[in-house]
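Remarks on the structure that follows.
The values are calculated or read from the model by the stated rules, or taken from the named source; none is laboratory data. Here the structure is a predicted model, which is why all the values come from computation and not from measurement. Positions of Cβ are generated from backbone atoms using ideal geometry, with glycine treated the same way; all protein chains shown enter the neighbour counts. For the accessible areas, the whole protein counts, side chains as well, though only heavy atoms, and no ligand, DNA or RNA atoms are used. Shrake-Rupley method; radii C 1.70, N 1.55, O 1.52, S 1.80 Å.
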Amino acid sequence: LFCQRAMGVFDQAPSAWDLMPILNTSAVLSVPEKSPYKTIEDLLAASKDRVLNMASGTGGSVWSLKASIFADAAGITFNRLNYEGSVPSQTAALSGEVEYVVTGLAEQMEYIKSGKLRPLAMIEDTPAEVEGFGTIPAITDAVPSFADHIQPMQCIGLAIPKDCPEEVRAAYKE
């Protein structure tokens, strides 16, 4: 709600809502299955020679911010192609329209498990274990300075109006 209001796509103040976080998800950088990049180091090396196309969803989204922080820490430049959310961004990677995508691990999970997307690194300071795939390394393994940057987080949850009846609120809190 905070970012959407600042970007002018939502006109109500966050104070009008009760926020109930349910979970958060971490960012992952992945390439299409036919990509020549097998490791994050491969992608970083290629990024030193030319500007790669990247998708991360709407500009200003948490994934867009994570991608920018990664690029800044790694000292690379990318050509961001903005899409209307994670699904179109991932579709762009699957089709080869972009060379890599940065979205949420939970959002990419089925593509990773099926082999259609190859995760190169968590855009986080911790690795992730994915059943049926293995370990996705933390970006800090290849880019230690990433840990020195402020890290925005994706939090998924519910927002209900503050004036919602108590019995409805109670049902959501269970």
* Which three lengths, in whole Å and largest first, does region 53-117 cover when its Cα atoms are put on their principal axes? -> 31, 22, 21
* Structure fact -> Lys48 and Asn82 label points (each 7 Å along its Cα→Cβ direction) are spaced in nm at 3.2 nm
* To do: Straight distance only, please: which lysines reach the Cα of Lys38 with their own Cα at less than 22 Å, same-chain residues fewer than 8 apart left out?
  => Lys48, Lys66, Lys113, Lys116
* Structure fact -> Unit-weight point scatterers at every alpha-carbon of region 26-174, Debye formula, q = 0.09, 0.11 1/Å: log10 I(q)/I(0) is -0.30, -0.43
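For region 23-174, give the percent of accessible area contributed by carbon and sulfur heavy atoms, probe 1.4 Å, rounded to a whole number. Present the calculation step by step, with values, prior to reporting the outcome.
Working: 4040 of 7640 Å².
Of the solvent-accessible surface of region 23-174, carbon and sulfur hold 53 percent.
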* Structure fact -> Residue-normalised value, i.e. accessible area per residue, for region 29-145 at 1.4 Å probe, in Å², stands at 44 Å²
* Which value, in nm² and rounded to one decimal, describes the direction-averaged projected area of the C-alpha convex hull of region 107-149? -> 3.1 nm²
* **Label-point separation, Ser95 to Ser114 (7 Å along Cα→Cβ), nm** => 1.6 nm
* Could you name the lysines in cross-link range of Lys162, using Cα to Cα under 28 Å and dropping any fewer than eight places away on the same chain? -> Lys173
